[in-house]
Amino acid sequence: MTSQQNPAGGSSAGGQAWGSRLGVILAVAGSAVGLGNFLRFPGQAAANGGGAFMIPYFCALLLLGIPLGWAEWAMGRYGGRKGFHSAPAIMGVIGRGSIARYLGVMGVLIPLGVYFYYVLIESWCLGYFWQFATGGIGLHEANSIAEQVQESSAHYSHFTGMSANGGVFDFSQGITSTLFVFFLITVLANVILLYRGLSGGIEAFCKWAMPAMAVAGLVVLARVLTLPANAANPDQNVSNGLAYMWNPDFSKLGDSRAWMAAAGQIFFSLSVGFGVIINYASYLKKKDDVVLSGLTASATNEFFEVGMGGLITITAAFVFLGMSLGTLPGGTFGLGFQTLPVVFAHMPLGNAVGALWFFMLFLAAITSSLSMLQPTLAFLQEATGLSRKKAVSAVVLVSLIGNFYVMYFSSGLTVLGTIDDWVGTFLIVVLALVQCICFGWVLGIRRGMEEAHHGAQLRIPKVFWFIIKYVSPLYLGWMLVNFCKDVLPGWIDKLGTDPAARNALLFIAAVVAGLLLLTAMGERRWRAQGLDLDGVKPPAD
Amino acid sequence: MNLNLATLQETVLLPIKPMTTLGWVFLIGSVGSVTILTFWCFRRVLTAPAESELVKPPDALGG
């Protein structure tokens, strides 16, 4: 790493560095690959034109996902060469001033806020894995599919505690009947890996978890694609299941909602505008490639999403549930935790396949959640000068407060949903727009591309200069306008009528206040240290 | 969850459409393109010159 003084004290990067190039790629890909790849994508595609959905999907990948990813990798490494590793500090350098620095607080708030609830969903995956590995979730074979879906929904409701606040502490049906024990195990795993550091923890884990996830996914895929046709209805077979998912409906392409859904899916799936890539890339050196690395991480995410998510989930569900699939619980949680358990109950070797499936989802989730605390950790160290040990303790304490808040107020999953809406959905688009403007317009597209090409093993085609400067910001602006027109009014109404949603937003507001305060402290500290926090000088190397 | 059994029974009676040629084109084109891109990228990464690898040893709990 550069020898420039680091605001966290000690050597640049605060003693942290990646061990290998493959390691950083797998860590970024692990951050991107999550539940959305396997559960959200197939539902979105099937509902928005099937195969035709891939047209807006690939447009969004080329116009938003890949170029914004490159920009974030380049900005992160540039900030790292100046000795910074947190989004506020790096955005201040790229955006040359306090406005960009304070807007960069979103790059800490988003991963931290999402971690508050994401680790709970991760615990659901671990819990379902355990339950399938030890005999299933208790569906009665003699019941009809509709009755089994109702049993599955009741199990899900009890397990997640969504039936009432504090539901996860109801152990009347056994200690493993709710997510609490699995939550403790999941948090412990996250903390241990975070505590072991960037290379010894996150990277080392992702280097085996990502291949393990691919193997588990391929085994489940092979099982699904070789399923025999449904004995009661031979038309419910694999080929027709693929047809349900992939037959194109071009009429949907005239609907702007399909284009919004495709852009949203690419966006949330690739984790651009999330604050993680910028932090991870800040630990790279000037001569380290970011272009091929960024493309490889994006491609890996797409392989899991289209190559596995696009073939497994809907196909398996169709063989056992047929056209009734359209009436069953959809969306990420409905499909994953209510409908699929019924599918596994009907499948030969269903418990084993179900266990493998939920283990794969758990790996997808933990490689993502690990990436969510690292940006906060780096920010806390930089802003306060705390040692890594103390900073880990502080971050764990703050994250536990958030986790317990979301876990206890579980009724209807309103708190979880509100934080996901405002932090995990809306702010991501806003931060991406800020990053896009800072990279393409404030730093300048020519300088930004020069920066991206240091050590590059692949040239970014020149058309992407135009895309990043003009097309991506316009695309993001169009997304935000549509969002404000179609979605935001409903969310605001909900804040007025639902105290749980209002309190969740107040909780997030308190976190924002804390992060802004820390940024002000950091600003004073960095200025006193003589660091180039407004990006007026070229990097020392 | 409110599961309407009547709706479910009506939906079960909907005709099942077989895979069309365009369906196969979109499936093979999409899955094939992301698979080829992923393997191409990893081949480039794994055959990159050794000096591109980071050399700093891992550090747990530095700081």
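Derivation of every value follows stated rules applied to the coordinates shown; laboratory data play no part. All figures in this text were calculated on a predicted structure; none of them were measured in a lab. In this analysis, Cβ positions are derived from the backbone assuming ideal geometry, glycine residues included, and neighbour counts consider all displayed protein chains.
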### Query
Given Cα pairs under 8 Å that are at least 6 residues apart, what percent is the relative contact order of chain A?
34 percent
### Message
Net charge around A:Thr367, counting only other residues with Cβ within less than 14 Å of its Cβ (Lys, Arg = +1; Asp, Glu = -1)?
### Response
-1
### Rounded Å value of the spacing that divides the Cα centres of the stretch A:334-400 and the stretch A:291-310
19 Å
### Query
Can you pick out the pairs among A:Lys82/A:Lys390; A:Lys287/A:Lys469; A:Lys207/A:Lys252; A:Lys82/A:Lys207; A:Lys390/A:Lys469 whose Cα atoms lie more than 30 Å from each other?
A:Lys207/A:Lys252; A:Lys390/A:Lys469
#### Entry: Lys/Arg +1, Asp/Glu -1 at C-beta; the protein assembly as shown dipole; positive extreme among A:Pro473, A:Ile192, A:Trp259
A:Pro473
### Relative contact order (percent, whole number), the stretch A:323-391, Cα cutoff 8 Å, 6+ residue spacing
12 percent
### FRET efficiency for A:Val536 and A:Ile192, using Cβ-Cβ distance with R0 set to 25 Å, rounded to 0.05
0.05
## Note on the structure
Cβ density ranking, 10 Å radius, fewest first, applied to A:Phe205, A:Phe379 yields A:Phe205, A:Phe379
### Query
Lys/Arg Cβ at +1, Asp/Glu Cβ at -1, dipole of the protein assembly as shown taken about the Cα centre: which of A:Asn37, A:Ile508, A:Ser282 is farthest positive-ward?
A:Ser282
#### Entry: Where labels lie 7 Å past Cα in the beta-carbon direction, separation of A:Leu225 and A:Gln173 in nm
3.6 nm
### Summary
Row for the stretch A:479-527, column shape: gyration tensor on C-alpha, a ≥ b ≥ c, rounded if a/c < 1.5 i.e. under 1.5, prolate if a/b over b/c, else oblate; value oblate
### Summary
Env charge @ A:Trp73, Cβ radius under 11 Å, K,R +1 / D,E -1, value -3
### Query
Using the membrane-span-like helix rule (whole DSSP H runs, Cα extent along the own axis of at least 27 Å, mean Kyte-Doolittle hydropathy at least -0.5), which helices of chain A qualify?
A:106-133, A:204-225, A:350-384, A:388-408, A:499-528
### Query
So what is the 222 nm mean residue ellipticity for chain A from helices alone, if each DSSP H run of at least 4 adds -39500 (n - 2.57) and you divide by all residues, rounding to the nearest 500 deg cm²/dmol?
-20500 deg cm²/dmol
